[in-house]
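Chemist: I have a structure here, written as structure tokens, and I will follow up with some questions on it.
The values are calculated or read from the model by the stated rules, or taken from the named source; none is laboratory data. It should be emphasised that the depicted structure is a prediction, and the values quoted were computed from it without experimental measurement. Note that each Cβ is placed from the backbone with ideal geometry, even for glycine, and that neighbours are counted across all protein chains shown. Only protein heavy atoms, including side chains, enter the accessible area calculation; ligands, DNA and RNA are left aside. Shrake-Rupley method; radii C 1.70, N 1.55, O 1.52, S 1.80 Å.
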Amino acid sequence: LVTADTDQRASRVSELMEMGFATLPDLDLNAQCFRIAASCGMAGAASSLTALVLAHHEAAENSSFALCVNNQDGFARAAVVVSPWMPETAPLPTAT
């Protein structure tokens with residue numbers, strides 16, 4: 001799953017789709033890519049946070065990985081891979 005804070009601007013949508021097709025060729029971006037600001041409107045940082053929460057939900061509920069992309073701002077870009085909880089990566093308890 002790919003979630004993004006992308007809005008309806010053609011430059012942002014094409015940037016997201018080009019990145020998606022190049023890095024995740026097996027993914028059906030028409031069905032597995034959610035553009036939050038295009039669906040819900042411009043909400044500033046709330047759309048970025050919503051995209052991250054949706055990616056976390058996907059990882060937690062389906063034990064799968066999700067990619068959260070922030071490209072709404074022209075100068076600040078980010079991508080975060082969200083993984084399901086894996087007990088083997090949890091920190092070991094400290095001895096007391």
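Chemist: Which residues' amide hydrogens lie under 5 Å from the amide hydrogen of T3, considering only partners 5 or more residues apart or on another chain, with H built in the peptide plane?
Modeler: Sorted by chain and number, the residues that satisfy this are F34, L67, C68, V69.
Chemist: Now, a different point. Tell me the angle of helix 45-62 to the major Cα principal axis of the chain, expressed in degrees between 0 and 90 and rounded to the nearest ten.
Modeler: 50 degrees
Chemist: Another question about this same structure. Can you compute the charge dipole magnitude of the chain about its Cα centre, using +1 on each Lys and Arg Cβ and -1 on each Asp and Glu Cβ, nothing else charged? Give it in debye, rounded to the nearest 20.
Modeler: 240 debye
Chemist: Can you tell me which of 74-82, 59-67, 2-10, 44-52 comes out highest on packing, and rank the rest after it, using the mean Cβ neighbours within 10 Å?
Modeler: Descending mean neighbour count gives 2-10, 44-52, 59-67, 74-82.
Chemist: Additional query: So what's the net charge close to A55: Lys and Arg +1, Asp and Glu -1, counting the other residues with Cβ under 14 Å from its Cβ?
Modeler: Combined, the nearby Lys, Arg, Asp and Glu give -2.
Chemist: Also: Roughly what angle does helix 10-23 make with the longest principal axis of the chain, taking Cα atoms, 0 to 90 degrees, to the nearest 10?
Modeler: 50 degrees
Chemist: Which residue, V53, P25, S64, has the largest displacement toward the positive end of the dipole of the chain when charges sit on each Cβ (Lys, Arg +1; Asp, Glu -1)?
Modeler: V53
Chemist: Pop out the carbon and sulfur fraction of the accessible area of the stretch 1-58 as a percent, whole number, probe 1.4 Å.
Modeler: Here carbon and sulfur together make up 60 percent of the probe-accessible area.
Chemist: Can you give the % of DSSP beta bridges in the chain that are antiparallel, to the nearest 5?
Modeler: 45 percent
Chemist: Shifting gears a bit: Shape of the stretch 1-60 from its Cα gyration tensor (a ≥ b ≥ c, root eigenvalues): rounded if a/c is under 1.5, otherwise prolate when a/b > b/c, or oblate?
Modeler: Oblate is the answer for the stretch 1-60, as a/c is 1.5 or above yet b/c matches or exceeds a/b.
Chemist: Determine Rg/Rh for the stretch 26-81; Rg is computed over alpha-carbon atoms and Rh is the Kirkwood hydrodynamic estimate from the same atoms.
Modeler: A ratio of 0.96.
Chemist: Find the accessible area per residue for the chain; the probe is 1.4 Å, ligands and nucleic acids are left out, and the unit is Å².
Modeler: Ligands and nucleic acids excluded, the result is 65 Å² per residue.
Chemist: What is the spin-label model distance, in nm, from A45 to D26 if the labels are put 7 Å beyond Cα along the C-beta direction?
Modeler: So the two model labels end up 3.7 nm from each other.
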